[in-house]
Every structure is written in C-alpha cells, then in structure tokens.
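These notes are about the structure you will find just below.
The values are calculated or read from the model by the stated rules, or taken from the named source; none is laboratory data. Keep in mind that what you see is a predicted model, and the values were worked out from it rather than measured. Cβ sites come from the backbone with ideal geometry, for glycine too, and all protein chains shown count toward neighbours.
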Amino acid sequence: MLKEIGVQSVEELFVDIPQRIRLKKRLQLPPAKSEYHVRREVEAILSRNKACGELISFLGAGCWPHYVPAVCDEINSRSEFLTAYAGDVYADLGRYQAFFEFQSMIGDLVAMDVVSFPWYGWGNVSGDSARMAVMITDRHEILTPRTVGPDRLSIMRGQCEGLADIKLVKNDPVTGQVSLEDLKNKISSKTAAVHIENPTYLGFVESQCMEISEIAHDHGALFTVEVEPLSLGVLAPPGEYGADIVCGEGQPLGMHMNFGGGLLGFLACRDDERFVSAVPHRLITITTTERKGEWGFTYVLPERTMFAARDKAKSFTGTATALWAITAAVYLSLLGPNGLRELAEVIMQKSHYAIKRMSEMSGIKVPVFNSCHFEEFTANFDTTGKTVSQVNRFLLNSGVIGGKDITEEFPELGNTALYCVTEMHTKADIDKLAAALEEAIQ
Amino acid sequence: MRDTESTGYHAVSWKEPIVHQLSRKGRRGHQVPLAENELRATIGDVTSNIPDKMRRKHPPELPELSEPDVVRHYIRLSQETYGVDSGIHMHGTCTMKYSPKLNEYITRSPKVADLHPLQAVDTVQGALQVMYEFQKWLCQLSGMAEFSLQPRGGAHAVFGNARIIRAYHKFNGELAQRKEIVTTVLSHPCNGGSPATAGFEVVTLYPNEETGYPDIEALKSAVSSRTAGLMMTDPYDTGIFDSNLEEYIKIVHEAGGLVAIDQANANSLLGRLRIGDVGADLCHFNLHKSFSTPHGSTGPGTAAIGASEKLSKFLPIPTVTFDGNRYSLDYNRPHSIGKLGEFYGVFPNVLRAYAWMMAMGAEGLGEASEVAVINNNYLLRKLLKVRGVSLPWLESHPFRLQEARFSLQKLHEETGIGVADVNRRIVDYGIQDMETSHEPWIIPEPFTPEPPETTSKEDLDRFAEVIDAISHEAYTSPEVVRTAPHNATISRIDRAPSRHPKRWAMTWRAYLRKASGDKC
C-alpha cells in the first residue's frame, strides 16, 4: 500500500504535523491485552459493583428501575441499529422509520402533533424547551416551581445562561401544589414560559394544570410541561391541558439504568411553524416515494439546525440518543394502550402500598405532601432523630437501598428522602423495606 | 428501472407498514408484573385518588401488537439499516471503526445495566474505577490535567468547553468584555453553534486558497481584547492538519483568550501528538469516533472534556477521585460550571472505550493511527485516478491524515451528475452513502470518505472501483445515476413535505389529521 501511495515509510504521511510539537516519548499506558485477558480484568473490576438486582433498591430521582422486556435488548443489540450512524434514508430507511414511529408514539402519549428526534436527557430537553420559549415569545424569563429537580434546574440554567433568567415560584407547604397566588404575582410581560414538572421531582401530581395554563396564556407566556412517560397511562396528557411544549425523560421506556447512561430526552410541541422553527433538533417527517406502497422519511427544515446554520442556530444539536429512541418505540408497541394503562396502575398500587406501610410507622411522615402521588414520594425522618444518611446506611446493611437523600437539595423539608417504587418491586420487597426501616429508626 | 445485474446487489425491501398500520385491536406484546392480590386488597383502588381533571380519559392511540408482531417489524427495520457491521461504511468525520463484540458483551452485564447512578459509592467501586482510570488514560493520551466524561456527544462537550471559557472569564472579571469566540469554517459546526448557545458572538475564519487553513494574519486581526477564546477542530475534515496551531495558541493566549481544540478527528494523532503539549487549554475526544464505541444509529454518544491544570477547577460536577484505596465522587468544586447533563454521562460507552484501550495498549493506539492514515492515503491515490474527481489543496497537502474531502465539481460540470446523485447511486452497489461536507460547502460537490484502521484493503479497492464505475456511468449513461437508487430499499423520495407546514407530519397522528384534510 505504501508503494501505491508512493512513499517509503508511513512517517512521510504525517508530514503536516510539525516535528516540534510531536510527542517524543512513549505513552504511559498498560500493555496490550488479549480479548480473554480484557474480559477477565474488566469482569473482575465490575464484580466490585453491587447491582440493584442484588439488593432491593428504592432509588429513582431521574433514573428509575423498570422492567426491560427481553425484546427491547434483542432489537437494540441488532448490529445494524447498533453500528449505523448518519446515512441517508436510501441506505438507512429502517432507522428513519423507527425514529418516525418513536416520534409518533411519544406524540400519542403526550397528545401533541410534533415530536422531535430524541435528545440527551430530561435536563437537556428542559433547557431546550426554555430556549424555545424565549425564541418564540422574545421574552427572557422562565417561571418554574421551587420543587423542580435541582439537577434539571442546574442543567436548564446552564443552557440558558446569558439568555434567560429562571425564577422560582413558591409551593403550598401542605400540598406541594404550585402557589397560584405567587405565580400571579411573579408572572409579567417578561415571562416567556411557565414551566412545570408533572409528576414533580418530589413525586406528587400537580393538579392545577388547567389553571396554570390559563394564567400563563393570559399573560402571553407559553405553558411548558415536563413529564415522566409511564404516568401518562393514567394521567391526562399535557396536550389536553394546554401545554405548548412538552418534554420528559424516556429512560423508563425500555432502557436499563446503566449507571445513568440510559437516558433519553424527548421534546414535543404544537404543530405550528413558529414552534417547529424553534426546535433545535432534527425532525423527521413521513413522505412518499416514486413507487406506490413505500414510505419515505426526510428532515423538516434542515437549514434550521446547527448542522447548517452553525452559530446562527437557536441551540446546539448533534449526536443524540437514537438507539434508545428505537428501543422506546419497541417498548411502546409491546405495551400498547392497555399495557401502558395497566402498568401505570400497578406502579401506583405498589407505591401506595409502600406509602401505607411506611406511614404506619411512628416517626416517619410519608408522604410529606398531601397530594396524589405516582411512583415516587417523600418520607421525612425528623421525629425519628435519625438523619437520612444514617437510615440509609442501616438499610444497606440489610440489603436495601433507601430513597435518595434530598436533605441538602430541600433543606426546608428537613431530613427527607425521595423513595421510588415501581412494578419491579414485589410485596415481599416492600415488606422487607418496612421491616428494615422499623429497625433503622429505633 | 432495476439494474441489480449491473451492480450485483439489491437491498432488502420489505415495504414495511408504519407500526400503527399493523395494529389489531386487543393484541398485547407484553404482560406487566401485576401486584399481588393481598397488596391490592390492602390499598384498594388507588387510581381513584387522581383528581378527576388530571385523569386520562382516553387511552393513548398506541398500536396494539403481539410480541412476535413487534419482533418481526423491528427486525425488518433493522435489515433495512446499514451499519458498520453491514459492509463498506466510511462516513467521513465520523470515524466509523469496527466496535469489538467483547465490549458489547461486557457492557450488557447486569453489573452495568442494573446500576443506579445514585447508589452509595461503596456499591459502585467497579464503575468508578473504570471512570477514574479511563480519564487518567485520556490525560496521558492528550497531555491535559483532568477529564470529565459527562457530555453525551461532541457538540455537548464543545458547549461545555464554551461554558468553561465563560466561567474562566467571569472568574477573572472579564466576561463583560470578552464576548467573542473565534473559529474556522472547516471546524465542525458545533465549534460555532455550541459557543453561540453559550451566549458568545462567533467570528469565523476562512481558509487560504493555497494552504487550506487561515493565515496567521487573519487570526491576528480577528483576535482582540474582546476575544474569549479560539474554538476549532484540528485536524480538519479535509484531513489537513492546521500547522499554524501552535502560533494561533500563542496569539490567543497573548490576547488573554483561551483555546479549546475539538479532537473529534483525533484518530490520526493517537500517540503522536498531544494537544495539551501544544498549549491547548481545553479539548474533547468523541468516544464514539476514535475510541470505537458504536454509533447506535446516532447515539447515545460520549465525549470527554479535557482541561489543563489552570481550568480543571471549572469542569462539571461531579469528578471521580481516588485516595489510593477508595473511589469517590467529588461534588465539592465551588468553581465548577455545575451540571452539563444528568449524572455522569453514558457509562456504558466509557466502559466500552476503556476495554478498547485496554486491548490496544500504547503501541496498538499508535498502530491504529498509522493504519488509518495509510488506508486514507491509499484510497486517496485510487480516487484521484477517477475521472471527474479532484482534491482541493492537493499540491500543498498531497498526504492527508484521517480522511480527505474530494470534489465532484468536474464531474458535475461535464455530466450534470453531482454528489447527491452519486450518493444515491452508491447505495445501489451495496455501499453506505458518503459524508458530503458540513455546511457551508466551501468545496463544491464534496464527498468525504474516512477509512479507519478497521477497513480492509479489499474494501478500499472496492470503494474506489465503485466510484470509478459511477463516474463511468455519469459520462456514458447519466440517466441511470440521475434516477438512482434502483436497488435500494426504496425509490426516490418526495422531499417537499420537508418545508410545507400543511404536508409535514412528524407523528402518525398528525399524518392522519392532515391526510384527512383537516386544517393544521
């Protein structure tokens, strides 16, 4: 090959790199290993992990333990999907169709007509929603409740730095619901959007969505809503209570937790040119071809994104989370409308059983807020005299991972943990938690 | 027209309906694990707690299918998709290297899949060790002081770097004055788009017609006390290394700015050049490019941000630390830009890349770069023999690094066949279509093949033969190219809905509404 190129040595091919700046020493890295030795060494390292299957975990807070049907892994292991990237529709029709189906089924869930290409995760699509609201309204302030997930808020603020201020609205201390009074005080002609989570980070359902939507729209602001998708088996879809932009986290739709690596942000909006033009990510539309009976797919307004507009684009985009979108499409078509409703009901039954068991213990206040909850709920340990971390250490010794310690995130709630119960938990698991908690707080 | 005979290939073509069209009322593909009777009896009807106005009144219009229906549908769609494992796939700027199957196997272990990111650190020591050691290896490879593995793609890392540049100038009280980021047009679009998202004004430099990169003078005149930093890709997608880099860095530093180098094209530099040694303050690597993690049909990706000693305090939280005995997550970094995304990024990709580097070792990495560069230059010589193909900056840069950006301008002028036609036609030969160029097209009718080290000589020969065959068709029977594809999964699509609000439909529900004549 060097002969064909016309050089004596490979070094000649690197002529562009000035000698002066080249690395003169050897890299200090371990020596090469065989496949067998790599496997042994990596498996030995990974054996130091204790996975959620080996313990009973009640952690959620943005990454949740849900059952992943075997078909999901079968399809996302298909090497065509796994190793494809950026080909056009003629070579890659299948993945485009799967993306369109993902968009379609998310649209069914949230009751919106436009859904974009998948994105990194919940926090990043919340940031995009806020930026879209600024672009659409030409206003530079976002109002969101105090209960919003702190990491999400930090990501949102990072994405809006220099563009919009994100201001917090108070919550009712008893129910956790947005204080409509405080919202009315803070909303103004500067407000680009009122942005809520439903269910909230703290697990309860915000039930004043119609009222919030009305207040936002009366002031010329948008109403943007973040959702956990499985809850939409039983909760009203945001498209039916006035949302203009909807976003959320699709990890529950067939992705393993993967130490937080299974996240899948989704973003939906009104089918209105102003909104569509403000979406920063790829959008795929269905179309037809020259031959009858074939579906085709193509990008909508491609000049809108950073790929074409570079620094004139509304926000950055790029390599996304496509493999997880394909997986979510598989998951939703497996469950269908009835499976999804049934799953949401089962989750509520199990989480409410846990609430009931924990609330029977003296010393634990659960849930902190007197509202309807979906799969997560808060538990306050103030009167036990124990901190959440003390309780959690005790639980871990009994093979149970307790809820997330949110004492630092929400100091006003005291010693409080955020628990998550899903269809994965059996009655025996919850009973084990209750028994371990009983001992822990003594 | 079908001409399978002339190319010897035909793609799978199932004419697969949309999943909603396969729906049959009452079918279900998965049974959910129901709650025990005793549990249900204890709590009663909990859904009645949902306030009426918040209750879903109609089930979502999801399709209803059995498990075999779903499997068959998505297996068919996978068959209509062309990955690295399917055949010749040299999409440029993407470093489509083969991903070893062991790494996939390891990644799908329950010891990875079932880890919750918020578990106590003592229960995830293995995962933290992988992250810690991998970022140390990246430091060794790049000459940077510390890495963050949080970004979920290259553009995310560039956004993170722009935020770090912002934080640095804010820390020094100069943010109000330093509002400009300088970039070069041949850099990846995120080097303009991501800093703009972070609130910077972007100044874009164009290459000199002879050298393929901007003149020192052009950079000097763009840099001032308003400059926050220089954010650029090196080497470029032209496969040309911008050898002014060291000088640029000096100029920007003297003006008080920072330099962030996009190392997405680093596959040709492994073990040969460390961007930290050249003086870059920040950089990023794409694990889904140089480090062999699979591209997943467009993600999830992972990009790693590297920072110099001076800037490491601004990296996103948390970072992984090691006290010689135990790995921890450090959130106590008061100068940090905070969170770029949730948790710690895409851990499975970090693990894959870690296993890949472990298999390669230092010498393997250097060898991978050499083989990739030999592959590219071999292909380059072959393609230059094809009628209608030219290579801008050939005289000044006869040898290229990881890839090269060619032009079909001559072919287009002489036959009317351009790169869009060739790209449809190449699929008829069983080859993945080619990267043309990021926007703007400063090279007319561009195409950018990138053959990484895992490409065989036979594949390079075949690719060049096919480009030659298509060129021949363009000169002798252009209609076959113009009307391509003929042997692909589908025929030419109607792109008009792309910009017609009444015709675009991003969901099946919107399609049904518009097809039934409803106003939008």
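Within region B:214-249, how many residues are farther than 23 Å from B:MET434 by Cβ and not hydrophobic (A, V, I, L, M, F, W, C)? Quick ask: steps written out before the conclusion?
First pass over region B:214-249, keeping only residues farther than 23 Å from B:MET434 by Cβ: B:214-232, B:242-249.
With not hydrophobic (A, V, I, L, M, F, W, C) added as a condition, the list becomes B:214-215, B:217, B:220-221, B:224-227, B:229, B:242-244, B:246-248.
Residues flagged as farther than 23 Å from B:MET434 by Cβ and not hydrophobic (A, V, I, L, M, F, W, C) within region B:214-249 amount to 16.
For B:GLY199, which of the numbered conditions (1) within 26 Å of A:HIS281 (Cβ to Cβ); (2) within 12 Å of another protein chain (Cβ to nearest Cβ); (3) touching a strand residue (DSSP E or B) at 6+ places or on another chain (Cβ under 7 Å) fails to hold?
So the condition that B:GLY199 fails would be (3).
Might you let me know whether region A:344-367 holds any residue that is out of contact with any strand residue (DSSP E or B) (no Cβ under 9 Å at 6 or more places or on another chain), under 22 Å from B:PRO51 (Cβ atoms) and free of Cβ contacts under 8 Å to residues at least 60 places away in the same chain?
Taking region A:344-367 as the starting set, the residues that turn out to be out of contact with any strand residue (DSSP E or B) (no Cβ under 9 Å at 6 or more places or on another chain) are A:345-347, A:349-350, A:353, A:356-357, A:360-363.
Of the ones still in play, those that are also under 22 Å from B:PRO51 (Cβ atoms) are A:345-347, A:349-350, A:353, A:356.
Then drop every residue that is not free of Cβ contacts under 8 Å to residues at least 60 places away in the same chain, which leaves A:349, A:356.
Yes, region A:344-367 contains at least one residue that is out of contact with any strand residue (DSSP E or B) (no Cβ under 9 Å at 6 or more places or on another chain), under 22 Å from B:PRO51 (Cβ atoms) and free of Cβ contacts under 8 Å to residues at least 60 places away in the same chain.
Which residues, taken from region A:86-108, are in contact with a strand residue (DSSP E or B) (Cβ under 7 Å, 6 or more places away or on another chain) and part of a helix (DSSP H, G or I)?
Within region A:86-108, A:VAL89, A:TYR96, A:GLN97, A:PHE99, A:PHE100, A:GLN103, A:ILE106, A:GLY107 meet the criteria.
Quick check on my filter: what residues within region B:195-246 are farther than 23 Å from B:THR448 by Cα and part of a strand (DSSP E or B)?
Within region B:195-246, B:GLU201, B:VAL202, B:VAL203, B:THR227, B:ALA228, B:GLY229, B:LEU230 qualify.
Is there a residue in region B:400-412 that is within 18 Å of B:ASP461 (Cα to Cα) and surrounded by fewer than 21 Cβ atoms within 10 Å (Cβ to Cβ)?
No - not one qualifying residue is present in region B:400-412.
For region B:484-499, state whether one or more residues are basic (Lys, Arg) and touching a Gly at 6+ places or on another chain (Cβ under 6 Å).
Here is the first cut: in region B:484-499, the residues basic (Lys, Arg) are B:492, B:495, B:499.
Add one more test, that the residue is touching a Gly at 6+ places or on another chain (Cβ under 6 Å), and what stays is none.
Scanning region B:484-499 turns up no residue that is basic (Lys, Arg) and touching a Gly at 6+ places or on another chain (Cβ under 6 Å).
Taking strands (runs of 3 or more DSSP E) that fall entirely within region A:240-317, which contain at least 2 residues that are facing chain B (nearest Cβ under 7 Å)? Write out each step before concluding.
On the way: elements: A:245-249, A:265-269, A:284-288, A:295-299.
Filter on region A:240-317 gives A:284-288, A:295-299.
Looking at this structure, is A:THR288 under 29 Å from B:HIS58 (Cβ atoms) and outside the structural domain of A:ALA434 (by TED's automatic domain parsing)?
Values: under 29 Å from B:HIS58 (Cβ atoms): no; outside the structural domain of A:ALA434 (by TED's automatic domain parsing): yes.
So A:THR288 fails the test.
So B:ILE374 fits all but one of (1) at the interface with another protein chain (Cβ under 8 Å from one of its Cβ atoms); (2) within 27 Å of A:ALA313 (Cβ to Cβ); (3) of a type outside the set (Lys, Arg); what number is the exception?
Among (1) at the interface with another protein chain (Cβ under 8 Å from one of its Cβ atoms); (2) within 27 Å of A:ALA313 (Cβ to Cβ); (3) of a type outside the set (Lys, Arg), B:ILE374 violates only (2).
Please pick out the residue among A:LEU323, A:LEU340 that is touching a Ser or Thr at 6+ places or on another chain (Cβ under 9 Å) and either assigned to a helix (DSSP H, G or I) or buried (at least 24 other Cβ atoms within 10 Å of the Cβ) (or both). I'd like the intermediate steps shown before the answer.
On the way: A:LEU340 fails: touching a Ser or Thr at 6+ places or on another chain (Cβ under 9 Å).
When all the criteria are applied, what remains is A:LEU323.
(1) in contact with a strand residue (DSSP E or B) (Cβ under 9 Å, 6 or more places away or on another chain); (2) of a type outside the set (A, V, I, L, M, F, W, C); (3) surrounded by 24 or more Cβ atoms within 10 Å (Cβ to Cβ): which one isn't true of B:SER328, the others all being true?
For B:SER328, the exception is condition (3).
Considering region A:131-162 alone, what residues qualify as being closer than 16 Å to B:ALA196 by Cβ and of a type in the set (Gly, Ala, Ser)? Steps first, please.
From region A:131-162, those closer than 16 Å to B:ALA196 by Cβ are A:131-132, A:134-135, A:158-162; that's our starting set.
Selection gives A:GLY158, A:GLY162.
Condition first: surrounded by 24 or more Cβ atoms within 10 Å (Cβ to Cβ), outside any loop (DSSP other than H, G, I, E, B) and facing chain B (nearest Cβ under 9 Å). Can you find one or more residues in region A:163-184 that meet it?
no
Can you confirm whether region A:349-369 contains a residue that is of a type in the set (D, E, K, R), within 30 Å of B:SER194 (Cβ to Cβ) and part of a loop (DSSP other than H, G, I, E, B)? Explain how you work it out, then say what you get.
Initial filter on region A:349-369 (of a type in the set (D, E, K, R)): A:350, A:356-357, A:360, A:365.
Those left that are additionally within 30 Å of B:SER194 (Cβ to Cβ): none.
No, region A:349-369 contains no residue that is of a type in the set (D, E, K, R), within 30 Å of B:SER194 (Cβ to Cβ) and part of a loop (DSSP other than H, G, I, E, B).
Across region B:45-66, what is the total count of residues that are under 23 Å from B:LEU34 (Cβ atoms) and either touching a Ser or Thr at 6+ places or on another chain (Cβ under 9 Å) or at the interface with chain A (Cβ under 7 Å from one of its Cβ atoms) (or both)?
Of the residues in that region, 12 qualify.
Starting from residues that are hydroxyl-bearing (Ser, Thr, Tyr) and not in a strand (DSSP E or B), keep the ones in region B:317-369 and report whichever is nearest to the other protein chains (Cβ to nearest Cβ).
Taking region B:317-369 first, the residues hydroxyl-bearing (Ser, Thr, Tyr) are B:319, B:321, B:327-328, B:331, B:336, B:344, B:354, B:369.
Narrowing the set further to residues that are not in a strand (DSSP E or B) leaves B:331, B:336, B:344, B:354, B:369.
On the way: B:TYR331: 10, B:SER336: 10, B:TYR344: 6, B:TYR354: 7, B:SER369: 9 Å.
Result: B:TYR344.
For the structure I just gave you, tell me whether A:THR287 is over 30 Å from B:LEU186 (Cβ atoms) and in contact with a strand residue (DSSP E or B) (Cβ under 7 Å, 6 or more places away or on another chain).
Values: over 30 Å from B:LEU186 (Cβ atoms): yes; in contact with a strand residue (DSSP E or B) (Cβ under 7 Å, 6 or more places away or on another chain): yes.
Yes; evaluated as a whole, the condition is true for this residue.
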